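Inspection log for the structure reproduced underneath, given as structure tokens.
The values are calculated or read from the model by the stated rules, or taken from the named source; none is laboratory data. No experiment lies behind these values; they were computed from the predicted model shown. Cβ coordinates were reconstructed from backbone atoms using ideal geometry, including for glycine residues, and neighbour counts include every protein chain displayed. For accessibility, only protein heavy atoms count, side chains too; no ligands or nucleic acids. Shrake-Rupley method; radii C 1.70, N 1.55, O 1.52, S 1.80 Å.
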Amino acid sequence: MPDVKEEFGALPWRCPLCGGALTGAEALRCEKGHSFDRAKEGYWHLLPVQKMRTKAPGDSKEMVAARRAFLEAGYYGIFGEALGQLALEYGAPANAGKALRLLDAGCGEGWYDRCIARAFEEAGRPLELAGFDIAKPAVRLAAKALPAGRYAVASSFSQPVRDGWADLLLNIFSPFAREEFLRVLRPGGRLIYAVPGADHLYEMKAVLYEKPYKNPVQQVEYPGFRPVGEREVTGQIEVPAGQLSALFAMTPYYWRTPADGAARLAALPGLKCTISFRFLVFERE
């Protein structure tokens, strides 16, 4: 088997059509002639049309903008701080002294990546970051906000990432694409999987639903991964009316809440909410 580094070079990407090496700087090209131009914002579109269920998959431009405004306001500050600490603690490059290769599967508009990049810069540790998301409006913002990162429009279940590229993989509130995660993460690499804690946004659910519920706290096994760490952070935030709609749109409740529940939330002058996050850390066997 050819050496991965020699075959693919430094780029994290592989061709989404044939799986071959992608080379280049602005325009990426594989040996079979498939070519992908870099957008002016600095990302690549690596989601083939035949794998798109809709013309514009993922979150809309308006939803992405609302999420960015909410996150940039600092409401999830304890999340960003904990994520940066965990990445420093559990992330280790395959070769000592080299940059950590971090892959964010479902990067959204890149706020989480910027938290990690800031933590690595303050610690004086080199970082090579790549991320992708199925929503083009989100990837566009991520690439503009962090030019040092490499970003692409792509799906978690068909990742245009070469085998074993990542030392550390992020999966934040996104589906667990186990087979693809095993493929793109090197043996011994780590995965940080972020999920809501039991009490996360409970007060919001008490407004939306007649019978609010706590999130289940499960210990799930994923073949090919072994658990190596876990951390939970909890806090309280006060969200004014102008940001409540943005927070609501960031949650899965947005898609399944009855109209009367959404109307009750919209009528509030603000809401004090619990935020709680669980970080599950796994190592690829």
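Would you mind stating whether L244 is in contact with a Pro (Cβ under 9 Å, 6 or more places away or on another chain) and either open to solvent by less than 70 Å² (accessible area, probe 1.4 Å) or assigned to a helix (DSSP H, G or I) (or both)?
No; evaluated as a whole, the condition is false for this residue.
Which condition number in (1) surrounded by fewer than 20 Cβ atoms within 10 Å (Cβ to Cβ); (2) free of Cβ contacts under 8 Å to residues at least 60 places away in the same chain; (3) assigned to a loop (DSSP other than H, G, I, E, B) is the one that E121 fails?
Only one criterion is unmet by E121, namely (3).
For residues that are in contact with a helix residue (DSSP H, G or I) (Cβ under 8 Å, 6 or more places away or on another chain) and surrounded by fewer than 17 Cβ atoms within 10 Å (Cβ to Cβ), tally how many sit in the range 262-285. Lay out the reasoning, then the answer.
Within the range 262-285, the first condition is being in contact with a helix residue (DSSP H, G or I) (Cβ under 8 Å, 6 or more places away or on another chain), and the residues that meet it are 262, 264-266, 268-275, 277, 279, 281, 284.
From the residues that got through so far, the ones that are surrounded by fewer than 17 Cβ atoms within 10 Å (Cβ to Cβ) too are 262, 264, 266, 268-270, 272, 274.
Total meeting the criteria: 8.
Evaluate the range 197-204: report whether one residue or more is part of a strand (DSSP E or B) and either in contact with a Gly (Cβ under 8 Å, 6 or more places away or on another chain) or in contact (Cβ under 8 Å) with a residue 24 or more places away in the chain (or both).
Scanning the range 197-204 turns up no residue that is part of a strand (DSSP E or B) and either in contact with a Gly (Cβ under 8 Å, 6 or more places away or on another chain) or in contact (Cβ under 8 Å) with a residue 24 or more places away in the chain (or both).
Just name the residue that is modelled with the highest pLDDT out of those in the range 54-73 that are of a type in the set (A, V, I, L, M) and part of a helix (DSSP H, G or I).
Per the stated criteria, the residue is L71.
For the structure I just gave you, tell me whether A198 is open to solvent by 80 Å² or more (accessible area, probe 1.4 Å), among the hydrophobic types (A, V, I, L, M, F, W, C) and modelled with pLDDT of 95 or more.
Considered against the rule, which asks whether it is open to solvent by 80 Å² or more (accessible area, probe 1.4 Å), among the hydrophobic types (A, V, I, L, M, F, W, C) and modelled with pLDDT of 95 or more, A198 comes out as no.
Checking the conditions here, which among V228, V239 is in contact with a helix residue (DSSP H, G or I) (Cβ under 9 Å, 6 or more places away or on another chain) and surrounded by 19 or more Cβ atoms within 10 Å (Cβ to Cβ)?
Going through V228, V239 in turn, the sole match is V239.
Among the residues in the range 238-249, are any closer than 15 Å to A198 by Cα and of a type in the set (A, V, I, L, M, F, W, C)?
No: zero hits.
Considering (1) over 25 Å from E89 (Cα atoms); (2) open to solvent by less than 60 Å² (accessible area, probe 1.4 Å); (3) among the hydroxyl-bearing types (S, T, Y), say which one Y213 fails and leave the rest.
It is condition (2) that Y213 fails.
If you check E62 against the conditions, is it open to solvent by less than 10 Å² (accessible area, probe 1.4 Å), without any contact (Cβ under 8 Å) to a residue 60 or more places away in the chain and either of a type in the set (D, E) or closer than 30 Å to K272 by Cβ (or both)?
So E62 fails the test.
Which count do you get for residues in the range 147-164 that are in a loop (DSSP other than H, G, I, E, B), open to solvent by 30 Å² or more (accessible area, probe 1.4 Å) and either of a type in the set (A, V, I, L, M, F, W, C) or out of contact with any helix residue (DSSP H, G or I) (no Cβ under 7 Å at 6 or more places or on another chain) (or both)?
3
Looking only at the range 1-30, how many residues end up being open to solvent by 60 Å² or more (accessible area, probe 1.4 Å) and modelled with pLDDT under 95?
Going through the range 1-30 one residue at a time, the tally reaches 9.
Which ones in the range 267-278 are farther than 22 Å from N215 by Cβ and touching a residue at least 24 places away in the same chain (Cβ under 8 Å)? Before you say what the answer is, go through the steps one by one.
So the first thing to find is which residues in the range 267-278 are farther than 22 Å from N215 by Cβ, and the list is 267, 269-270.
Scanning the range 267-278 gives P269, G270.
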